[in-house]
Amino acid sequence: VHAHLGIALSQNDRLEEAVECLRRAVALGPDSALTQYNLASLLLRRREFEEAADHAAVAVRLDPDQPTMRGALANALMKLGRFQEAAEHLRHGIDKVGGDGGLRARLEQMLAACDARAQATGTTTEGR
């Protein structure tokens, strides 16, 4: 119930209430990758990148082959300047995307942006 209410509130730009509902939903069901992902996505919209990364990481741990969850985690990591980690998740997401060309293109665009930001800061996104 809290997860559905949180989504509905977010669609009406009531982000603070939506985040609180999704936090309650995560507390009640921490093993729901989708709820963790939805909370991470809202936290990204609110520019709460550290907490967004934490919830997205849990979502990825729970459903490691879901490219959209990897994309959310990569987005948060990029905002935190953790380009190498972000690139690793993007590459994994691209490998798992399947036939969704639009999602593949978005992940590839994110990877290109990640590489450019890393280069601008003198770091690398090459694998360890």
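The values are calculated or read from the model by the stated rules, or taken from the named source; none is laboratory data. Keep in mind that what you see is a predicted model, and the values were worked out from it rather than measured. No Cβ is skipped: glycine too gets one built from the backbone with ideal geometry, and neighbour counts run over all protein chains shown. Just so you know, the surface numbers come from the protein's heavy atoms only, side chains and all, with ligands and any DNA or RNA stripped out. Shrake-Rupley method; radii C 1.70, N 1.55, O 1.52, S 1.80 Å.
The criterion of being in a helix (DSSP H, G or I), out of contact with any helix residue (DSSP H, G or I) (no Cβ under 7 Å at 6 or more places or on another chain) and acidic (D, E) does not hold for E108. Within the set of pairs 6 or more residues apart or between chains, which connect a residue that is within 12 Å of T68 (Cα to Cα) inside the range 96-108 to a residue that is among the small types (G, A, S) and part of a helix (DSSP H, G or I) with Cβ atoms less than 9 Å apart? Within 9 Å, the pairs are L103/G71; L103/G93; R104/G93; R106/G71; L107/G71; L107/A74; L107/G93. Being part of a helix (DSSP H, G or I) and over 24 Å from E48 (Cα atoms) is the filter here; which residues of the range 93-102 pass it? The answer is I94, D95, K96, G101, G102.
Pairs meeting the criteria (first residue in the range 7-29 and on the phi < 0 side of the Ramachandran plot and among the charged types (D, E, K, R), second residue surrounded by 13 or more Cβ atoms within 10 Å (Cβ to Cβ) and not in a loop (DSSP other than H, G, I, E, B), beta carbons under 7 Å, at least 6 apart or on different chains) are E17/L9; R23/L39; R24/H2. Taking the range 97-127 as the range and being farther than 18 Å from L80 by Cβ and either of a type in the set (A, V, I, L, M, F, W, C) or open to solvent by 70 Å² or more (accessible area, probe 1.4 Å) (or both) as the test, the residues that pass are V97, G99, D100, L103, R104, A105, R106, L107, E108, Q109, A112, E126.
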